[in-house]
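The values are calculated or read from the model by the stated rules, or taken from the named source; none is laboratory data. Bear in mind that the values here come from a model prediction, so they are computed numbers and not experimental data. As a convention, Cβ positions derive from the backbone with ideal geometry for all residues, glycine included, and neighbour counts pool all protein chains shown.
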Amino acid sequence: MPALTFARPIARWLPDQDGELTVERPAKTLRALLEAAFADHPTLRGYVLDERGVVRHHVAVFVDGVSITDKSDLDQTLAPEASVFVMQALSGG
């Protein structure tokens, strides 16, 4: 079953959450896995997705260790034991 982990800086917006949050749900696509997590933790949606349903600019999503390049393409297929990690993206100079 795919596992979705939200890094601590994102998961901290949930009550009583002190550390990373991992959600495991049956899902065939990245979108389905995210939606399952948001069904359990609706507060996280606004921190991860913008009003168009696209991954926010300041958020990075990794599927099996590889960063997604198109933040609007959430319909990519997940392997049955996929590992997805969501974290705040860093920028600067």
Practice item. Report yes if Leu44 is surrounded by 14 or more Cβ atoms within 10 Å (Cβ to Cβ), touching a Leu at 6+ places or on another chain (Cβ under 8 Å), assigned to a helix (DSSP H, G or I) and modelled with pLDDT of 95 or more, otherwise no. Key: no
Revision key, fill the gap. Restricting attention to segment 1-41, the residues that are without any contact (Cβ under 8 Å) to a residue 24 or more places away in the chain, small (Gly, Ala, Ser) and either in a loop (DSSP other than H, G, I, E, B) or touching a Cys at 6+ places or on another chain (Cβ under 8 Å) (or both) number exactly 1
Practice item. Report the residue count in segment 47-69 for those that are of a type in the set (Gly, Ala, Ser) and either in contact with a Leu (Cβ under 7 Å, 6 or more places away or on another chain) or assigned to a helix (DSSP H, G or I) (or both). Key: 0
Review point. Within segment 12-22, is even one residue exposed (fewer than 15 other Cβ atoms within 10 Å of the Cβ), more than 12 Å from the chain's Cα centre (by Cα) and of a type in the set (Ser, Thr, Tyr)?
Key: no
Study note, to complete from the structure: Counting only residues in segment 29-41 that are among the charged types (D, E, K, R) and at pLDDT 95 or above, the one nearest to Asp70 (Cα to Cα) is identified as Arg31
Check your understanding: Just wondering, is there one or more residues in segment 59-74 that are touching a His at 6+ places or on another chain (Cβ under 7 Å), on the phi < 0 side of the Ramachandran plot and surrounded by 12 or more Cβ atoms within 10 Å (Cβ to Cβ)?
Key -> no
Study note, to complete from the structure: Within segment 63-93, restricting to residues that are of a type outside the set (A, V, I, L, M) and touching a helix residue (DSSP H, G or I) at 6+ places or on another chain (Cβ under 6 Å), the one that is nearest to Ala11 (Cα to Cα) is Gln88
**Study point:** Residue, farthest from Ala89 (Cα to Cα), within segment 49-61, restricted to residues that are in contact with a helix residue (DSSP H, G or I) (Cβ under 9 Å, 6 or more places away or on another chain) and without any contact (Cβ under 8 Å) to a residue 40 or more places away in the chain
**Key:** Gly53
Check your understanding: Within segment 23-43, is even one residue farther than 21 Å from Pro2 by Cα and of a type in the set (D, E, K, R)?
Key -> no
